[in-house]
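The values are calculated or read from the model by the stated rules, or taken from the named source; none is laboratory data. All of these numbers come straight from a predicted model, not from anything done at the bench. In this analysis, Cβ positions are derived from the backbone assuming ideal geometry, glycine residues included, and neighbour counts consider all displayed protein chains. Ligands, DNA and RNA are excluded from the accessible area calculation, which covers all protein heavy atoms including side chains. Shrake-Rupley method; radii C 1.70, N 1.55, O 1.52, S 1.80 Å.
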Amino acid sequence: MKYDFNQIEKKWQDYWAKNQTFIASNTSEKPKYYVLDMFPYPSGAGLHVGHPLGYIASDIYARYKRHKGFNVLHPQGYDSFGLPAEQYAIQTGQHPALTTETNIKTYRRQLDQIGFSFDWSREVRTSSPEYYKWTQWIFIQLFESYYCYNDNKAKHINELIYVFSLNGTAEVNVACDDDVETFTAEDWKGFSSEKKQEILLKYRLTYLAETEVNWCPALGTVLANDEIVNGVSERGGHTVVRKKMTQWSMRISAYAERLLQGLEGLDWTDSLKETQRNWIGKSVGASVTFNVFASETKSHAEPVEAPHKIEVFTTRPDTIFGVSFMTLAPEHELVSKITTVEQKAEVEAYIEKTAKRSERERMADVKTISGVFTGAYAEHPFTKEPIPIWIGDYVLAGYGTGAVMSVPCGDQRDYDFAKHFNIEIPNIFEGVDISEAAFADKEKTVIGNSDFLNGMNYKKATKRAIFELEQLGQGEGKTNYRLRDAVFSRQRYWGEPFPVYYVNGMPQMIAKQHLPITLPEVEKYLPTEAGEPPLGRADVWAWDTESNTVVSNDKINNTSIHPLELNTMPGWAGSSWYFFRYMEPGQTTGAESKRDAVFASEDALKYWENVDLYIGGAEHATGHLLYSRFWVKLLKDRGFVNVEEPFKKLINQGMILGTSAFVYREENTNKYFSKGLTEGRKVLHIHVKVKYVNASDELDIEGLKNDSEFGEDYAKAEFILEDSVYKVGRDVEKMSKSKYNVVNPDQICVDYGADSLRLYEMFLGPLEQYKPWNTAGITGVHSFLKKLWKLYVGENGVNVNNAEATKDNLKTLHKTIKKVQEDIEHFSFNTSVSTFMIAVNELTAQKCTSKDILEPLLVLISPYAPHIAEELYNMLGNSESIATAPFPKFDPSHLVESSKNYPISFNGKMRFTLELPLDMSKDEIEKTVLAHEKTIAQLEGRSPKKVIVVPGKIVNIVE
Ligand code: ANZ
């Protein structure tokens, strides 16, 4: 009987689907274990062999945990809102929902064919209204929350309203915008309801605010920092400018400290935690307020009014006597107010120039020194001396207060700036040479130049400076976080609509019971001519507060019918909470719940808690993994879930690299030169599809010429051969459709089977590493599976019987159990594959037919190669799925050697071996060896000078 993998794999995939083998129960006596993959975005290109790497690893772990007696939740779904479907819609007019549906079908077919043990009954799709209803619901929860620093948690906004009505802002210690006003309880009561709404918006965890964004006029949308390369859009290379726009923002900054502290308890890699720590960027220092001299009076000699104040954030208040100028970010709101008439033109020209540079560029660029003097001066808090105020783009508008006290002897950027513009560089460090560079070493610093800081070290001086500033009412200790609030609006069609309408410009939430607010139909997916987002094209997009339905725009009367929000939510909205939805995807109302509604029942949330193991790509380190932690903390604070963190353990799988192939076109010609002929020629490297290249790097020219995707490009080209073939160049790069180096798993499943694919992906190397793909290598694991098959099945059927297991059989089995279990628990899947190979070789050599050995071996292999394991297990007479079998128990006694095969040497030369019990004493060994006939023959009657015995190792007879 042959190993007919195509037939076997289809059979078991059908069986699992029909019997719902991997369905997880929400009420089980077993301990729970939740294994999650980062769910895919269903792109039109389908899966390539790089995508399933993490899924295979998590599937092995999920299957292993089931064998170990856990109730395993291993779900899968689709992150199905997103740009590619929208771009495709713009080009073809096809509704993104249709494209998405088609792509999901392809993904599902591909995933099924690899034999994953997903519980598909729990599938979620972020773009389906019954899912995004809850994304909208969470948005409303954020809107209805504020963050209280006293209790260190988010609370319902009504509690804040209550506090305002009792004490005004007197006692509040809460997260809010920088520009909030203070008021008394009386004031509050007297405010109009609109004014109250305006004030509350500055405290809510999601709020509307004017934010500086990267605006790309050509694409008609805001871009994230990572969508901009060298100042232009990554897609299309269009100009990007900084622009202020009113956008929804998420007050994630309120959670900065908790996001930082929470990392401590997580089983994540140190490097990932460090990335998040840096992103959160905690700095301890002080805020210092400088008064600005009125611009006519630049001297401090006359009494002046200082209507403007500049607040700076500094990590080094101890260097306050080293300040010789101040620098504002060009975008700082004071710039226009304090700039003198003489400096106006220069300042404005500079602002225009810097607006073109992205924040990232400005941060990365340490060489270009640029700035302009505003003509205005600030007053030093202690010396009262005037300090010139400059603007410079090394100061970022979005960090701290967007203004710095510049200390050239302490800060390198300030130093370079001062040198460049010939600004004074006072030295406040005793015995330190600052002629070459700034100096601010915390350990050695000794402060000079001041009355009260003289002679102090950094720590003391910092404390004292803050104390003195407090006395003046011009400063206080402050902790700053680099983490910015996250812009949450997108000017796109294919995303979640906000459950928001506007009354007199103020946002109002739609009551939760009327969700979901589904995406309206539009006839084109582009922004409107007036520059509104695509939803501005919808005709039926107004909220009727009486019927509580979405109605036609022409009914808007601004009394009962109002316009709806035109932006949609960003890609990360749906993925920030999907792990909870899998716990009970059918749940739409919380029947017995005290709450108005929840996205999964209290019982389900309590039972599954959070994700035990999360596997996914490293590119989500600061996006998805921070946003989801933030939302979980909010949901926890508001009492909807029981956990602080979404993902207990996290592993980033390494990328699978593709081997790209290049052809070489001579510049300005249509001639393609074979690789060996390119020297001395000006040629362009052009990627070609790897399917047209064979193992000897030879190009299938006809195949390429006939590829319809490239039209006439290659059909008319001339290929210049060497040795009558065209040789391509090769390089290992990221596997990607755009590099034409993708390998499709479908054909591999047809040619070798899913079990071979699974084993091979694991065999490539350690999970976390980057590794190149080479399809040719799959034959190794494929022959192993054939060998495995032959161990069980002969010409005439199953070879397995009830023969008693030999010592050797047991030893092979138990050392395999031990190794595979250790490997899986350490996520070292590649080494397990070699262990299986060794085990099968040994058992084949031992001619093992014992069911006691061969049946448990199948359970060990089943997480890796589940189809063949199921088939053989079934052939051994089992009627249930192998998934129900317990993991074999390791018995160390089978690995303990009871005897040793001693090498017996004569004058150091090994002559024969002798099996002796390990518990024999030295004397007994010597006696037995000397009495042995082979020793007698070897000695030919001579008596040995000495017999050296090392128990358990060797015997050497010296003549
Ligand atoms: C005076 C000073 C003296 C500073 C000295 C440093 C050394 P981190 O650790 O990153 O928080 N700074 C503040 N706001 C800034 C902004 N918007 N753009 C650019 N730089 C800014 O760094 C905080 C330090 O970076 C602050 O402390 C400030 O310079 C600068 F010997 O103030 B320092």
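Only one of the listed residues (LYS384, LYS463) is in contact with a helix residue (DSSP H, G or I) (Cβ under 9 Å, 6 or more places away or on another chain) and among the charged types (D, E, K, R). That residue is LYS463.
Between VAL323, VAL347, VAL341, VAL407, which is of a type outside the set (D, E, K, R), away from the ligand (no atom under 16 Å from the Cβ) and crowded, with 17+ Cβ neighbours inside 10 Å? Explain how you work it out, then say what you get.
Numbers: VAL323 fails: away from the ligand (no atom under 16 Å from the Cβ); VAL341 fails: crowded, with 17+ Cβ neighbours inside 10 Å; VAL407 fails: away from the ligand (no atom under 16 Å from the Cβ).
VAL347 is the lone residue from the list that is of a type outside the set (D, E, K, R), away from the ligand (no atom under 16 Å from the Cβ) and crowded, with 17+ Cβ neighbours inside 10 Å.
Among residues of the stretch 587-642 being modelled with pLDDT of 95 or more and basic (Lys, Arg), the one that is farthest from GLU264 (Cα to Cα) is ARG638. Among the candidates THR775, THR779, the residue that is open to solvent by 50 Å² or more (accessible area, probe 1.4 Å), over 27 Å from the mean Cα position of the chain (by Cα) and not assigned by TED's automatic domain parsing to the domain that holds SER674 is uniquely THR779. Checking each residue of the stretch 643-661 against the condition of being over 28 Å from the mean Cα position of the chain (by Cα), under 30 Å from ARG730 (Cα atoms) and buried (at least 22 other Cβ atoms within 10 Å of the Cβ) gives at least one match.
Restricted to the stretch 855-912, and to residues there that are over 21 Å from PHE5 (Cα atoms) and among the small types (Gly, Ala, Ser), the residue that is nearest to the chain's Cα centre (by Cα) is ALA885. In the stretch 315-330, the residue that is farthest from the chain's Cα centre (by Cα) out of those that are among the polar types (S, T, N, Q) and outside any loop (DSSP other than H, G, I, E, B) is THR319. When LEU469 is tested against (1) part of a loop (DSSP other than H, G, I, E, B); (2) open to solvent by less than 20 Å² (accessible area, probe 1.4 Å); (3) in contact with a Gly (Cβ under 7 Å, 6 or more places away or on another chain); (4) more than 24 Å from VAL366 (Cβ to Cβ), only condition (1) is not met. ALA869 meets each of the listed conditions (1) free of Cβ contacts under 8 Å to residues at least 40 places away in the same chain; (2) surrounded by fewer than 18 Cβ atoms within 10 Å (Cβ to Cβ) apart from (2). Whenever a residue of the stretch 666-694 is within 15 Å of GLU722 (Cβ to Cβ), its partners that are of a type in the set (Val, Ile, Thr) and part of a strand (DSSP E or B), lying with C-beta atoms within less than 7 angstrom and at least six residues away or across chains, give the pairs GLU666/VAL683; LYS671/ILE720; TYR672/VAL663; TYR672/ILE720; PHE673/VAL683; PHE673/ILE720; SER674/ILE720; LEU677/ILE720.
So, LEU515, is that one modelled with pLDDT under 95, away from the ligand (no atom under 16 Å from the Cβ) and either open to solvent by 50 Å² or more (accessible area, probe 1.4 Å) or farther than 27 Å from THR221 by Cβ (or both) or not? Show your work before the answer.
Values: modelled with pLDDT under 95: yes; away from the ligand (no atom under 16 Å from the Cβ): yes; either open to solvent by 50 Å² or more (accessible area, probe 1.4 Å) or farther than 27 Å from THR221 by Cβ (or both): no.
Taking the combined requirement at face value, the residue does not satisfy it.
Residues in the stretch 263-285 that are in contact with a Lys or Arg (Cβ under 9 Å, 6 or more places away or on another chain), more than 13 Å from ARG484 (Cα to Cα) and either aliphatic (A, V, I, L, M) or open to solvent by 20 Å² or more (accessible area, probe 1.4 Å) (or both): LEU263, GLU264, GLY265, LEU266, ASP267, SER283, VAL284.
Candidates THR106, THR169, THR102: the one that is crowded, with 17+ Cβ neighbours inside 10 Å, out of contact with any Cys (no Cβ under 7 Å at 6 or more places or on another chain) and among the hydroxyl-bearing types (Ser, Thr, Tyr) is THR169.
In the stretch 371-395, which residues are of a type in the set (Ser, Thr, Tyr) and buried (at least 18 other Cβ atoms within 10 Å of the Cβ)? First the steps, then the outcome.
Step one: of the stretch 371-395, the residues of a type in the set (Ser, Thr, Tyr) are 374, 377, 383, 394.
If the condition is that a residue be of a type in the set (Ser, Thr, Tyr) and buried (at least 18 other Cβ atoms within 10 Å of the Cβ), then THR374, TYR377, TYR394 are the ones that fit.
Looking at THR849, THR913, can you tell me which residue is without any contact (Cβ under 8 Å) to a residue 24 or more places away in the chain and over 18 Å from HIS67 (Cβ atoms)?
Details: THR849 fails: without any contact (Cβ under 8 Å) to a residue 24 or more places away in the chain.
None of the others qualify; the one that does is THR913.
Table: residues versus (1) in a helix (DSSP H, G or I); (2) polar (S, T, N, Q); (3) more than 19 Å from ALA869 (Cβ to Cβ); (4) free of Cβ contacts under 8 Å to residues at least 12 places away in the same chain.
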site: SER783; (1), (2), (3), (4): yes, yes, no, yes
site: GLU804; (1), (2), (3), (4): no, no, yes, no
site: LYS811; (1), (2), (3), (4): yes, no, yes, no
site: THR816; (1), (2), (3), (4): yes, yes, no, no
site: VAL820; (1), (2), (3), (4): yes, no, no, no
site: ILE824; (1), (2), (3), (4): yes, no, no, no
site: VAL833; (1), (2), (3), (4): yes, no, no, no
site: PHE836; (1), (2), (3), (4): yes, no, no, no
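Quick check on my filter: what residues within the stretch 355-381 are over 43 Å from the mean Cα position of the chain (by Cα) and within 15 Å of the ligand (Cβ to nearest atom)? Passing the criteria: ALA378, HIS380, PRO381.
Of all residues in the stretch 334-373, those satisfying the criterion of being outside any helix (DSSP H, G or I), of a type outside the set (A, V, I, L, M, F, W, C), more than 20 Å from ARG242 (Cβ to Cβ) and at pLDDT 90 or above are THR340, GLU342, GLN343.
Return yes when ILE104 is touching a residue at least 60 places away in the same chain (Cβ under 8 Å), assigned to a helix (DSSP H, G or I) and within 22 Å of HIS48 (Cβ to Cβ) and no when it is not.
Working: touching a residue at least 60 places away in the same chain (Cβ under 8 Å): yes; assigned to a helix (DSSP H, G or I): yes; within 22 Å of HIS48 (Cβ to Cβ): yes.
Answer is yes for this residue.
If you take the residues of the stretch 176-213 that are surrounded by fewer than 13 Cβ atoms within 10 Å (Cβ to Cβ) and not in a loop (DSSP other than H, G, I, E, B), which of them is nearest to the chain's Cα centre (by Cα)?
Of the residues in the stretch 176-213, the ones surrounded by fewer than 13 Cβ atoms within 10 Å (Cβ to Cβ) are 178-179, 181-182, 186, 189-190, 192-194, 210.
Next, only the ones that are not in a loop (DSSP other than H, G, I, E, B) stay: 186, 189-190, 193-194, 210.
Details: GLU186: 48, LYS189: 46, GLY190: 48, SER193: 42, GLU194: 40, GLU210: 28 Å.
Applying the filter and picking the extreme gives GLU210.
Among the residues of the stretch 410-444, those identified as within 11 Å of the ligand (Cβ to nearest atom), open to solvent by 60 Å² or more (accessible area, probe 1.4 Å) and out of contact with any helix residue (DSSP H, G or I) (no Cβ under 8 Å at 6 or more places or on another chain) are GLN412, ARG413.
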